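To start, the structure under review is shown below, and the notes come after it.
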Amino acid sequence: MKRVTFLIIAFLAWEIVKTQDYHFSQYLESPMMVSPALAGYFDGNFRANLNFKSQWHSIDKGYQTFGFAADMPVTEQTNTGFLAAGLTVLKDDAGLVKMKNLVAMANVAYHVKLNDQQYLGAGIYAGFGQRAIDLSQAQWGSQYDGISGFNPSLPSNETFSNESYLYADFGFGINYGFNKNTTNMSSNDGIKLISGLAIYHLTQPKFNFLSNSEEKLNMRFCGYVQSLIGIPNSNFAVKPGFIYNQQGKQNEILPSLLFRYQVREKSQYTGFIKDSYLNVGAIFRARDAIAPMFAFEMFNTSFGMTYDINVSSLRNATSGKGGIEFNLKYTFKSKNVNRSML
């Protein structure tokens, strides 16, 4: 009965949150899923991210999400701004029936330089998605005969028109960035901030597993703000953030707070000694989970880890075990373009 129970949970979850995207708790480590306008907006020449999340694994196989993203400025920074481009690929697998979602998106963004401290950017994305399900692994209630248990020779009485289908996807976003540098090497009084809005799934593609299905992937509206505030004359900074997603009747609210400690300061003379930082804090998903976070930055590379602890009624099924998530990010930097904290 375990497979049946999980399948029921999976399809009920699909019915309840079918209009929602997959997501990472470390949302800004997958920035182009927050807004296509964030493509290329970072302090460097090339950036690559790897994300992995295993969610609700205690309920059979739960969900596993993989993500890869790369972006870069494609024109030189001028007094007017710069052009940037990016690519995002995400893959999501769910449960024993291997419900799959594969998405690939190309991003283009332009960032207008308002002054030495401010940028205003706009970006678009275009891509495709594929959804698939392996029904050969499914076990339905009608296939339990009440005597010997599961009997695969019994009909499932379920009708699916497709086990796999493709859809096109488009969206856009805007981003505002502010960057006030520190007065000197030891003052740590700088402030960096990004804020913006984005809309995903403008085409609202339909779900085509079932014949005559009227269900669709609703547009997702995303608003966010993230900042880094240095504490003067110390090695500490705080990173408060907030993101809001609205998709159909579902919404997601994620406030976050991290504390950043500068472990080592960059050498301004030889350049051989690089700065390094330790980040500790938590991300809270309202009505769902608390995710303590740890991240370390060194040599243009950062590694972050979170663990979702369920606080919703789902904790009765998961025993509070929401999911572990990892992020690995590398930023190539040949010169200091000094645009943002991302």
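General remarks:
- Within the stretch 297-321, the set of residues being out of contact with any Phe, Trp or Tyr (no Cβ under 7 Å at 6 or more places or on another chain) and modelled with pLDDT under 75 comprises Ser312, Ser313, Leu314, Arg315, Asn316, Ala317, Ser319, Gly320, Lys321.
- Selection within the stretch 61-113: residues that are modelled with pLDDT under 95, assigned to a strand (DSSP E or B) and touching a helix residue (DSSP H, G or I) at 6+ places or on another chain (Cβ under 7 Å). The member of this set that is surrounded by the most Cβ atoms within 10 Å (Cβ to Cβ) is Ala94.
- Extreme residue, modelled with the highest pLDDT, among residues of the stretch 268-296 that are of a type in the set (Ser, Thr, Tyr) and part of a loop (DSSP other than H, G, I, E, B): Tyr269
- Ser187 among the polar types (S, T, N, Q), assigned to a loop (DSSP other than H, G, I, E, B) and either at pLDDT 95 or above or in contact with a helix residue (DSSP H, G or I) (Cβ under 7 Å, 6 or more places away or on another chain) (or both): no
- Of all residues in the stretch 301-313, those being surrounded by 15 or more Cβ atoms within 10 Å (Cβ to Cβ) and not in a strand (DSSP E or B) number 1.
- Residue match in the stretch 160-176 (condition: at pLDDT below 70, part of a loop (DSSP other than H, G, I, E, B) and in contact with a helix residue (DSSP H, G or I) (Cβ under 8 Å, 6 or more places away or on another chain)): yes
- Breaking point among (1) small (Gly, Ala, Ser); (2) out of contact with any Leu (no Cβ under 6 Å at 6 or more places or on another chain); (3) at pLDDT 90 or above; (4) under 27 Å from Phe170 (Cβ atoms), for Gly223: (2)
- Filtered residues of the stretch 220-237 (kept if in contact with a Phe, Trp or Tyr (Cβ under 8 Å, 6 or more places away or on another chain) and among the β-branched types (Val, Ile, Thr)): Val225
- Restricting attention to the stretch 322-342, the residues that are modelled with pLDDT of 65 or more and of a type outside the set (Phe, Trp, Tyr) total 10.
- Cross-chain or 6+ apart pairs with Cβ under 6 Å, the stretch 283-298 first and of a type in the set (Asp, Glu), then not in a strand (DSSP E or B): Asp288/Ser312
- Close pairs (6 angstrom Cβ cut-off, 6 or more residues apart or separate chains): touching a residue at least 60 places away in the same chain (Cβ under 8 Å) in the stretch 168-183, among the charged types (D, E, K, R) and buried (at least 19 other Cβ atoms within 10 Å of the Cβ) anywhere: Asn179/Lys192
- Answer from Ser136, Ser156, Ser142 - the residue that is at negative phi, modelled with pLDDT under 75 and either surrounded by 17 or more Cβ atoms within 10 Å (Cβ to Cβ) or in a loop (DSSP other than H, G, I, E, B) (or both): Ser156
- Of the residues making up the stretch 118-133, at least one is at pLDDT below 80 and either over 30 Å from Met33 (Cα atoms) or out of contact with any Leu (no Cβ under 8 Å at 6 or more places or on another chain) (or both).
- The C-beta contact set for the stretch 187-207 (first residue closer than 23 Å to Phe172 by Cα, second residue charged (D, E, K, R) and surrounded by fewer than 18 Cβ atoms within 10 Å (Cβ to Cβ), distance under 7 angstrom, 6+ apart or interchain) comprises Gln204/Lys216; Pro205/Lys216; Lys206/Glu215; Lys206/Lys216; Phe207/Lys18; Phe207/Glu215; Phe207/Lys216.
The values are calculated or read from the model by the stated rules, or taken from the named source; none is laboratory data. Owing to the predicted nature of the structure, the values given are computational and were not obtained by experimental measurement. Quick reminder, even Gly has a Cβ in these numbers, built from the backbone with ideal geometry, and neighbours come from all protein chains shown.
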